[in-house]
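Have a look at the structure below before the remarks.
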C-alpha cells in the first residue's frame, strides 16, 4: 500500500504542515507574531493548499502524524482535534510524535550523537526534561530517562558524553549553567519535517497510536 503521510506541528506559534510520499516531500509554514492566536486560522487553509500544490487528494492521505508536545496548550489541542476529525474512521493510522523526539532527531542530524539530554523551560524555576537515545539501525528515538519535571536548581553538573539542548538553560536567571553545556542546538520553531521523518520510521517499526491515545502533552501556554 502506498503511504501518504500528512504531518502537523502547531506546538508553537509556527503553523507547519507537510506531506511525504516516498522521496517526495513538501512543507508549508506560517509564523505568527501573536503566540498561537492564528494557528487555528492557518492550519486548515495550509492543509487545503498543500494538497492542491502537491496534487495529492485528502482522501489519499492514509497516515496522519502530529507533534503532541510538550508545547502550547492551544496549539497541541488544535492538532489533536484535527487528527481525530480527519481520521475518525482510521483509528490505527494516527501517529503522535513527542516534541522531545523531534528535537533529538534534529540534534542527531547535526552532531551524530547517540545520547541527547533535552530540557525545556516549564514555569517559574522548573524544567521539563528527558534523556533520549537515537537508534541508528531503526532510525527511531528511544527514551533512557522518562519525561519529568524538576527544579532547575537540582541540576548541578552533567556527564560529558551527552549533547544538551533546549531552552531551559538559556534563560537569564540560569546563565551560570551554560558553562556545563557540552554543545547547544535548539530550534525555537519546530516544523513538521522531523514529525514526518519519525512517523515514517515508526511505521516501519509498527509503532502507532489509536485515536483514543492522541492526548497532547501540555506544559504551559507560553513555553517559548
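Here are the numbers:
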| read-out | value |
| --- | --- |
| Residue count for the range 52-81, restricted to those that are outside any loop (DSSP other than H, G, I, E, B) and buried (at least 20 other Cβ atoms within 10 Å of the Cβ) | 11 |
| Matching residues in the range 85-112 - criterion: being in contact with a helix residue (DSSP H, G or I) (Cβ under 6 Å, 6 or more places away or on another chain) and surrounded by fewer than 17 Cβ atoms within 10 Å (Cβ to Cβ) | 91 |
| Residue within the range 61-71 that is more than 28 Å from residue 130 (Cα to Cα) and free of Cβ contacts under 8 Å to residues at least 60 places away in the same chain present | yes |
| Qualifying residue in the range 171-179 (condition: out of contact with any helix residue (DSSP H, G or I) (no Cβ under 8 Å at 6 or more places or on another chain), part of a helix (DSSP H, G or I) and at pLDDT 75 or above) | no |
| All positions within the range 132-162 that are closer than 25 Å to residue 73 by Cβ and modelled with pLDDT of 85 or more | 132, 141, 143 |
| Residue pairs meeting the criteria (Cβ under 8 Å; at least 6 apart or on separate chains; first not assigned by TED's automatic domain parsing to the domain that holds residue 145 and assigned to a strand (DSSP E or B), in the range 116-133; second crowded, with 22+ Cβ neighbours inside 10 Å and modelled with pLDDT under 80) | none |
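The values are calculated or read from the model by the stated rules, or taken from the named source; none is laboratory data. Note that this is a predicted model, so its numbers are computed, not measured. Cβ: placed from backbone, ideal geometry, glycine included. Neighbour counts: every protein chain shown.
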